[in-house]
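The values are calculated or read from the model by the stated rules, or taken from the named source; none is laboratory data. Since the structure is predicted, the reported quantities are computational estimates derived from the model, not experimental observations. As a convention, Cβ positions derive from the backbone with ideal geometry for all residues, glycine included, and neighbour counts pool all protein chains shown.
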Amino acid sequence: MELRKTSVRQAVEAVYNRELTAHKLIEQTLKNCSILNETMNIFTHIAGIDALEQAKAVDRKIENGAQLPLAGVPVAVKDDICYGVLPTSFGSAAFKEFISPYTATAVEKLMDAGAIVVGKTNLDDMSQGSTTLSSPFGPTLNPWLAERAAGSAGAAALATGVCMLSLESDNGGALRQGASDCGVIGLRPTAGRISNYGLNTFTSSFGQVGISAFSSENISCAFEIISGFDERDASTAVCRDRSTEKHAVADIEKIKIGYPVNAFDYLEPGLREVYEKTRDEYAARGFMFEEIDLTLLREALQAYYIISAAEASSNHARFDGIRFGKAGKATDLEELYCKTRGVTLGREARRRSVFGTFLLSKGNYDCYYRQALKVWNMVREEFAAAFGRYDIIVLPAVKSLPRPLDEEKEFIEDWADDLYCAPVSLAGLPSLCLPVGRVGQLPVGMQLIGPPFSDEFLVEICNRVFR
Ligand code: GLN
């Protein structure tokens, strides 16, 4: 079965019709994962006998009449999401072989529905990046051009056809930029629509579990299962998609799309043309695009880096090797810190820890952190006002094409790449990234952003309009 050409629904049907067993499907998928990993470096860990046992259990349940909406569906899980069977490295040298004592709610829900985790996917050091270049496991290669980075290894797993769904995380854009870089669809849901229980936190305020897939139909199948209130995550939302009431009956061609033209000035050559062509094509089909001014994108990016670094520095303070992570041998506390954090934190994680601690220190707190909180509020208000006038807003997902593996960039340029994604994280809005074109061989994705709780609506628009 070619996973890229098969929908989740078709795969499940095939398993129910006994055209193939879940066991056979997973056995073949695991082989493919191993072969591919040798060249692409997609997985930090590939499942083995456990996945095969789970697949057998799914086959048995089917024989006993169980209804499993994801029976036998191979899923990849980003390695900052806990899964008690395989290690959860968090992309850090400190946790390379760490096995979490519990499993994330979203993973549990997928498994309860019959899905099988085939592997944990590579990521930047402590999730701090959208390239995989800072991973202690080495970078993941882009499936479309091997000398470039994949952005997200889960998206690369989808693009290479070794899984059907990829459970991911997105703080300031990793899921969306990865989807753009690999030409797949990624949904960062409204904050709280999917439980973050079991997500290893880099930024407490912006981190969100999301889902990527090859089609919006597959996203929809998974989202229906993993979204919802979780008593283990107090920030999950109790309500369901509110926008469907407004939009379900609406003529989808009448949706009003806000198009922030000022934002396109920052794009690297080649990308602007892709986005403009997309707008023109859809405008010609009768969709209403109206230019809007999002004035705070740059400030939002700065606020994201201030708040996220501050949160990272306090979240990571516990990784001193005493209770979590690898401890170096030492005779006193300072030596212990040096031999653990000094060795296990990568360059970027160290930079953000130091930067965040600086921002939170007396004197700096008021002039940076508190200011950033004000900007955070203003960004939310700006988006809220825009959604008074538009049903959705489109924004680029990336400012530049996937990074060449051998290119040394100043860290600040990497940070600038989050210009279009970080503001959406600040506003807690749902954003669906879908492929809209290419520059050379490399795919380019665009974000469809909706008001809070319009997740299903975005998936539907993608399905009916943009596919
Ligand atoms: N590139 C962003 C950062 O480095 C987002 C990372 C993420 O979403 N995990 O902060």
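The residues of segment 318-341 that are in a helix (DSSP H, G or I) and touching a residue at least 12 places away in the same chain (Cβ under 8 Å), listed by number, are L336, Y337, K339, T340, R341. For the residues A397, A427, A422, A384, the requirement of being under 24 Å from the mean Cα position of the chain (by Cα), closer than 30 Å to V459 by Cα and surrounded by fewer than 17 Cβ atoms within 10 Å (Cβ to Cβ) singles out A384. Of everything listed in (1) in contact with a helix residue (DSSP H, G or I) (Cβ under 6 Å, 6 or more places away or on another chain); (2) small (G, A, S); (3) away from the ligand (no atom under 16 Å from the Cβ); (4) closer than 25 Å to P451 by Cα, the single unmet condition for G161 is (4).
Against the conditions (1) small (G, A, S); (2) within 15 Å of the ligand (Cβ to nearest atom); (3) surrounded by fewer than 24 Cβ atoms within 10 Å (Cβ to Cβ), A93 satisfies every one except (2). Out of V85, V58, one residue alone is in a helix (DSSP H, G or I) and within 27 Å of S100 (Cα to Cα). It is V58.
Answer with yes or no whether E276 is farther than 15 Å from I392 by Cα, in contact (Cβ under 8 Å) with a residue 12 or more places away in the chain and within 16 Å of the ligand (Cβ to nearest atom). Please lay out each step first, then the result.
Numbers: farther than 15 Å from I392 by Cα: yes; in contact (Cβ under 8 Å) with a residue 12 or more places away in the chain: yes; within 16 Å of the ligand (Cβ to nearest atom): no.
Judged against the criteria, E276 is not a match.
I need a count of the residues in segment 1-51 that are small (G, A, S) and within 23 Å of N122 (Cβ to Cβ). The qualifying residues number 4. Suppose the filter is touching a residue at least 60 places away in the same chain (Cβ under 8 Å), crowded, with 24+ Cβ neighbours inside 10 Å and within 14 Å of the ligand (Cβ to nearest atom); does S134 pass it? Taking the combined requirement at face value, the residue does not satisfy it.
Annotation for segment 416-428: no member residue is over 20 Å from Q128 (Cα atoms), modelled with pLDDT of 95 or more and within 16 Å of the ligand (Cβ to nearest atom).
Being farther than 26 Å from V379 by Cα, in a strand (DSSP E or B) and not hydroxyl-bearing (S, T, Y) is a property that G445 lacks.
Quick test for you: out of R403, R370, pick the one residue that is among the charged types (D, E, K, R) and more than 16 Å from the ligand (Cβ to nearest atom). Write out each step before concluding.
On the way: R403 fails: more than 16 Å from the ligand (Cβ to nearest atom).
Among R403, R370, only R370 is among the charged types (D, E, K, R) and more than 16 Å from the ligand (Cβ to nearest atom).
Pull out all pairs, ordered by first then second residue, where Cβ-Cβ is under 7 Å, the residues are six or more apart or on different chains, the first lies in segment 33-56 and is in contact (Cβ under 8 Å) with a residue 40 or more places away in the chain, and the second is of a type in the set (D, E, K, R) and buried (at least 19 other Cβ atoms within 10 Å of the Cβ). If the second residue must be of a type in the set (D, E, K, R) and buried (at least 19 other Cβ atoms within 10 Å of the Cβ), the pairs left are F43/K120; T44/D79; T44/K120; H45/K120.
All conditions but one from (1) within 28 Å of D181 (Cβ to Cβ); (2) of a type outside the set (A, V, I, L, M, F, W, C); (3) touching a residue at least 24 places away in the same chain (Cβ under 8 Å) apply to E410; the one that does not is (3).
Kindly evaluate D112 against the criterion of being within 16 Å of the ligand (Cβ to nearest atom) and more than 19 Å from I35 (Cα to Cα).
Numbers: within 16 Å of the ligand (Cβ to nearest atom): no; more than 19 Å from I35 (Cα to Cα): yes.
Answer is no for this residue.
Quick check on my filter: what residues within segment 190-213 are more than 11 Å from the ligand (Cβ to nearest atom) and closer than 24 Å to L3 by Cα? Listed by number, the residues that qualify are V209, I211, S212, A213.
For segment 96-125, what are the residues that are surrounded by fewer than 19 Cβ atoms within 10 Å (Cβ to Cβ) and either on the phi > 0 side of the Ramachandran plot or small (G, A, S) (or both)? Scanning segment 96-125 gives a single hit, S100.
Scan segment 263-298 residue by residue and report those that are aliphatic (A, V, I, L, M) and in a loop (DSSP other than H, G, I, E, B). Can you show your working first?
Going through segment 263-298, the residues aliphatic (A, V, I, L, M) turn out to be 263, 267, 271, 274, 283-284, 288, 292, 294, 296-297.
L267, L294, L296 - these are the residues of segment 263-298 that are aliphatic (A, V, I, L, M) and in a loop (DSSP other than H, G, I, E, B).
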